[in-house]
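Worksheet: the structure to be examined is printed underneath.
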Amino acid sequence: MPLYLDKNENPFQTPEEIRDAVLEKISGLLFNRYPDPEYPLLKRQLADIAGLSDESVVTGNGGDEILWMVFSRFVRPGDPVLTFSPTFSEYYRLSRLAEARHITFPVNLEGDDPLFPVQDFIKAIEKEKPALVLLDTPNNPTGKSLPASFIEEVIARSESLVVIDEAYGEFADTTFLAGLRGKRVPDNVVILKTLSKAWGMAGVRFGWAYCGTRAAAALEETRSPFNVGIFSEAAAGVVLAHPEFPAFSAERVRRLREAVHQGVNTIEGWKAFGSDGNFLLLRVPFSEGEVRSAADGYFCFKFLDLTPETRDRRCWIRLTIGTEDEMAEVLRFFSSLEKNPDRFGS
Ligand SMILES: Cc1ncc(COP(=O)(O)O)c(C=O)c1O
């Protein structure tokens, strides 16, 4: 069985008592009935978790569906959409589908730490007047969180919608969402969350957003009435009552992430950036083809073509943090690749 380290899934299984509770809840459902299209119980639970109002919550079939709603509602052909680059692959795909003018701000990845061109980004908001700004924090794939002061400035200067995508927020020390507890989400803001990462429920397909009043009304109009099926609704309802599981899995992932970060950086010619997510971005002194052929279909990594001009001699891997055993195995694999440091960085 291959080792899947390519989709930023949670490597730890949901505890058996939670799985049993989900199955029991599902067995009591009326399969012939639609769900309540307002999802009032889920909204209550989700609002409680963040210390926000029920009305701020919009439910989705995964965070991806929330992004889909955002694009359908807010972006017309030719509209400017602003993101950093690299960023979450769906932002590129949805921008293309919407025929938006996707304006990307390249992150400098050549130093010890990814450098985000934040000043240029702010200036472009004033100049381009984007229909949509998308900020993933921690950013996928670099793992870097954006400072709250920058996010606040983006929100203050944007006349249209700002999505703050905190899919990986549980793995970070601080989040923008945590700072909103007991307050209101700004009117033009959507904060995206998912059960797919720290909550370990990627297969269930449930995501949600905390929205300002105007954004919530717009997304609620766009959302299909029964967009979350009764099985996902039931599973989400059970798991959300167990915040100890994401807390435990995030803590374990964070400890492992730091160990793997250090481990990779001791291998000659390799570089792992610090990360606030459940993954690390690696600069690797081999081409993608060389790593793939050595991995022999067993190790599955996400390869990113971030610097096409050097693709014949180096590649970029986004490595999902797996279990202790998986990470020991992957570090052994990286160290075992033929060392060839002079091909790096020239
Ligand atoms: C930054 C980011 N946002 C949102 C998502 C969407 O997650 P899902 O649709 O599984 O909820 C992902 C998934 O990988 C992601 O990386």
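The values are calculated or read from the model by the stated rules, or taken from the named source; none is laboratory data. For clarity, every value in this text was computed on a predicted model and none was experimentally measured. Note: ideal-geometry Cβ built from the backbone for every residue, glycine included; neighbour counts use all protein chains shown.
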Do you know which residues across the stretch 239-281 are outside any strand (DSSP E or B), aliphatic (A, V, I, L, M) and under 18 Å from GLU9 (Cβ atoms)? VAL239, ALA247, ALA250, VAL253, LEU256, VAL260
Only one of PRO117, PRO138, PRO106 is within 16 Å of the ligand (Cβ to nearest atom) and not aromatic (Phe, Trp, Tyr), namely PRO138
Within the stretch 186-229, take every residue that is more than 16 Å from the ligand (Cβ to nearest atom) and more than 20 Å from TYR39 (Cα to Cα) and give me the one that is surrounded by the fewest Cβ atoms within 10 Å (Cβ to Cβ). ASP187
Any idea which residue in the stretch 47-60 is surrounded by the fewest Cβ atoms within 10 Å (Cβ to Cβ), counting only those that are out of contact with any Lys or Arg (no Cβ under 7 Å at 6 or more places or on another chain) and in a loop (DSSP other than H, G, I, E, B)? SER53
For the stretch 117-133, pairs from a residue that is at positive phi to a residue that is not in a loop (DSSP other than H, G, I, E, B), with Cβ under 9 Å and 6 or more apart or across chains, are LYS129/PRO80
Run ARG214 past the list (1) closer than 24 Å to THR175 by Cβ; (2) in contact (Cβ under 8 Å) with a residue 40 or more places away in the chain and report the number of the one that doesn't hold. (2)
Would you say VAL58 is touching a His at 6+ places or on another chain (Cβ under 7 Å) and within 16 Å of the ligand (Cβ to nearest atom)? no
Look at the stretch 61-101 and say how many of its residues are more than 20 Å from ALA215 (Cα to Cα), within 16 Å of the ligand (Cβ to nearest atom) and not in a helix (DSSP H, G or I). 5
Of the listed residues (SER145, SER160), the one being modelled with pLDDT under 95, polar (S, T, N, Q) and either within 12 Å of the ligand (Cβ to nearest atom) or in the same structural domain as SER95 (by TED's automatic domain parsing) (or both) is SER160
Please indicate, with yes or no, whether at least one residue in the stretch 29-46 is in the same structural domain as ARG223 (by TED's automatic domain parsing), touching an Asp or Glu at 6+ places or on another chain (Cβ under 9 Å) and assigned to a strand (DSSP E or B). no
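Return yes when ALA167 is of a type in the set (A, V, I, L, M) and either within 23 Å of LEU256 (Cβ to Cβ) or away from the ligand (no atom under 16 Å from the Cβ) (or both) and no when it is not.
Considered against the rule, which asks whether it is of a type in the set (A, V, I, L, M) and either within 23 Å of LEU256 (Cβ to Cβ) or away from the ligand (no atom under 16 Å from the Cβ) (or both), ALA167 comes out as yes.
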Please find, within the stretch 151-182, the residue that is surrounded by the fewest Cβ atoms within 10 Å (Cβ to Cβ) out of those that are assigned to a loop (DSSP other than H, G, I, E, B) and without any contact (Cβ under 8 Å) to a residue 40 or more places away in the chain. GLU159
Look through ALA124, ALA148, ALA131 and report the one residue that is farther than 20 Å from ASP305 by Cα, surrounded by 20 or more Cβ atoms within 10 Å (Cβ to Cβ) and not aromatic (Phe, Trp, Tyr). ALA131
